[in-house]
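Heads up: the structure comes next, in structure tokens.
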Amino acid sequence: MKQRHADTPLRLHVLTTRQIGMIMSAAALVMMFWFCASTLPLSFNGERPNDFPNYYVAGLRLFEERPIYEPLEAEVFHRLGFAHYPTNIADTPATVVLLAPLSRLTYRAAFFTLYFFSLLSVPLLTYYAGRYLGMTFWEAVCAVSLLTFSNHYRFLLLCNHMESILLLCLTFGWIYLKKDWDRTGGFFWGLAAALKLIPGLLLFLLMLSRWKRAALTGIIAAAVLLALAGVTIGRADSFAYIIQVIPQSQQWYGHDGNFSLMSIGYRLGGLTVGWTLTIAAVIVITVLAFKNRDNKDCIFAVGTAGMLIISPLSWLGYGILLIPVLLLLFTKLDRKTSRLNVWIFITALVLTQYWPFQSKPMISSMIEFLLFTIPPVCGYTLVIFLACRLLDVEPTRVVTEISPERTAA
């Protein structure tokens with residue numbers, strides 16, 4: 001019987017994988033059709049308003065030269081008819097400027113532009129990343145199918161958030177770094193930092209490595225983009241974001257949909273406990289990344305999972321940023337991998353992508369809050385742990401030497 005090499009990646013027989021992929025693809029298509037058909041009407045009749053009005057109204061205010069970070073409720077009701085709109089604009093100036101062109105469209109056209117961009121781009125990026133990492137066609141199809149069942153992906157669509165753009169920036173930055181295009185990779189991570197701030201952790205970890213040129217490029221790119229965005233929205237709104245919006249984010253620290261150490265610490269013992277846990281996590285993440293500072297994959301994996309843990313606001317939906325990391329870890333599971341690593345990966349996958357979430361925020365008991373919030377944070381921690389176990393050595397390029405005898409021949 002033909003035996004497989006010990007380093008062969010852990011995968012099913014190709015025929016079995018194809019059959020499973022076809023079944024999962026059919027189930028995923030039915031699932032997504034049902035999900036979109038059942039949730040999209042609620043986004044327009046006000047029964048379940050999403051967060052897209054934040055982007056749309058911010059763009060209107062920018063073009064009309066009105067204060068951007070003023071309360072939203074009255075204007076959303078006047079323009080869209082959504083009563084009791086619960087949130088205000090809290091996006092960075094760079095995000096406001098990037099998405100402002102959508103406000104030149106009608107609300108429905110703008111909504112569906114971002115919605116279908118996320119609906120299509122995240123699965124396509126999942127497939128591309130899987131194939132880039134060496135997965136077979138049907139393995140990548142299975143990964144895309146699993147994505148459609150992810151709570152984070154469905155929540156992204158439900159609220160029509162912009163994290164799909166962030167996912168593109170982080171993934172392309174990582175791929176370009178692996179290709180040794182340091183400045184391009186650093187620029188993409190700098191763009192991500194300008195859009196959401198917390199990806200700046202990746203740039204910080206890069207500064208600890210030998211790829212300081214990529215880190216400096218990212219830092220400069222983030223600073224320039226934020227400065228240009230600040231000039232575009234104006235001095236008053238820039239100061240309003242720093243002085244008002246960032247401090248006001250504290251009201252969401254104990255939210256049931258906020259899967260971070262700050263959220264857990266805030267509900268358990270207040271702001272001091274939250275910051276203590278967060279600072280301790282930053283120290284641990286920095287130490288682990290420094291120990292693996294010569295491995296781009298490890299920096300990417302530890303930094304991505306780490307920023308979800310230490311970000312004061314780590315909403316349900318941010319978990320899609322782990323997709324390329326989970327694919328990377330899967331491809332590192334081979335025949336020599338212990339069963340412990342396999343079970344750690346499965347546990348991390350379930351906790352970070354499929355753990356149920358609380359649909360009635362801020363009214364649950366402490367036990368309910370901990371039940372819904374702690375497991376995803378533990379999943380992020382397991383991703384960091386597994387990354388340090390599987391990605392501890394940077395793969396070396398194989399150089400084939402041609403002997404003088406063969407050259408002469």
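The values are calculated or read from the model by the stated rules, or taken from the named source; none is laboratory data. All figures in this text were calculated on a predicted structure; none of them were measured in a lab. Counting neighbours? That spans all protein chains shown, and the Cβs are built from the backbone with ideal geometry, glycine included. Just so you know, the surface numbers come from the protein's heavy atoms only, side chains and all, with ligands and any DNA or RNA stripped out. Shrake-Rupley method; radii C 1.70, N 1.55, O 1.52, S 1.80 Å.
What number of residues within the range 174-192 satisfy the criterion of being in contact with a Gly (Cβ under 6 Å, 6 or more places away or on another chain), under 23 Å from Val282 (Cα atoms) and open to solvent by 10 Å² or more (accessible area, probe 1.4 Å)?
Total meeting the criteria: 1.
Examine the range 310-319 for a residue that is surrounded by 20 or more Cβ atoms within 10 Å (Cβ to Cβ) and farther than 27 Å from Leu205 by Cα, and state whether such a residue exists.
Checking the range 310-319: not a single residue is surrounded by 20 or more Cβ atoms within 10 Å (Cβ to Cβ) and farther than 27 Å from Leu205 by Cα.
For the range 68-84: of the residues being modelled with pLDDT under 85 and of a type in the set (Phe, Trp, Tyr), which is farthest from the chain's Cα centre (by Cα)?
Phe77
Which one of these is over 20 Å from the mean Cα position of the chain (by Cα) and more than 21 Å from Met307 (Cβ to Cβ): Thr232, Thr276?
The match here is Thr232.
Within the range 256-270, which residues are surrounded by 14 or more Cβ atoms within 10 Å (Cβ to Cβ) and either out of contact with any Lys or Arg (no Cβ under 9 Å at 6 or more places or on another chain) or without any contact (Cβ under 8 Å) to a residue 60 or more places away in the chain (or both)? Steps first, answer last, please.
To start, the set of residues in the range 256-270 that are surrounded by 14 or more Cβ atoms within 10 Å (Cβ to Cβ) comprises 256-268.
The answer is Gly257, Asn258, Phe259, Ser260, Leu261, Met262, Ser263, Ile264, Gly265, Tyr266, Arg267, Leu268.
The conditions are (1) open to solvent by less than 10 Å² (accessible area, probe 1.4 Å); (2) within 17 Å of the chain's Cα centre (by Cα), and Cys159 fails exactly one of them. Which is it?
All conditions pass for Cys159, except number (1).
Just to be sure I understand, how many residues within the range 128-146 are touching a Pro at 6+ places or on another chain (Cβ under 8 Å), open to solvent by 10 Å² or more (accessible area, probe 1.4 Å) and either under 18 Å from Leu191 (Cβ atoms) or part of a helix (DSSP H, G or I) (or both)?
Adding up the residues that qualify gives 1.
What number of residues within the range 85-121 satisfy the criterion of being of a type outside the set (A, V, I, L, M), modelled with pLDDT of 85 or more and over 19 Å from the mean Cα position of the chain (by Cα)?
Result for the range 85-121: 10.
Name the single residue that is least open to solvent (accessible area, probe 1.4 Å) among those in the range 69-91 being outside any loop (DSSP other than H, G, I, E, B) and among the hydrophobic types (A, V, I, L, M, F, W, C).
The qualifying residue least open to solvent (accessible area, probe 1.4 Å) is Val76.
Mind listing whichever residues of the range 142-187 are β-branched (Val, Ile, Thr) and either farther than 29 Å from Pro41 by Cα or in contact with a strand residue (DSSP E or B) (Cβ under 8 Å, 6 or more places away or on another chain) (or both)?
So in the range 142-187, the residues β-branched (Val, Ile, Thr) come out as 144, 148, 165, 171, 175, 184.
Within the range 142-187, Thr171, Ile175, Thr184 meet the criteria.
When you go through Val325, Val342 one by one, which is the residue that is surrounded by fewer than 20 Cβ atoms within 10 Å (Cβ to Cβ) and part of a helix (DSSP H, G or I)?
Just one listed residue meets the conditions, Val342.
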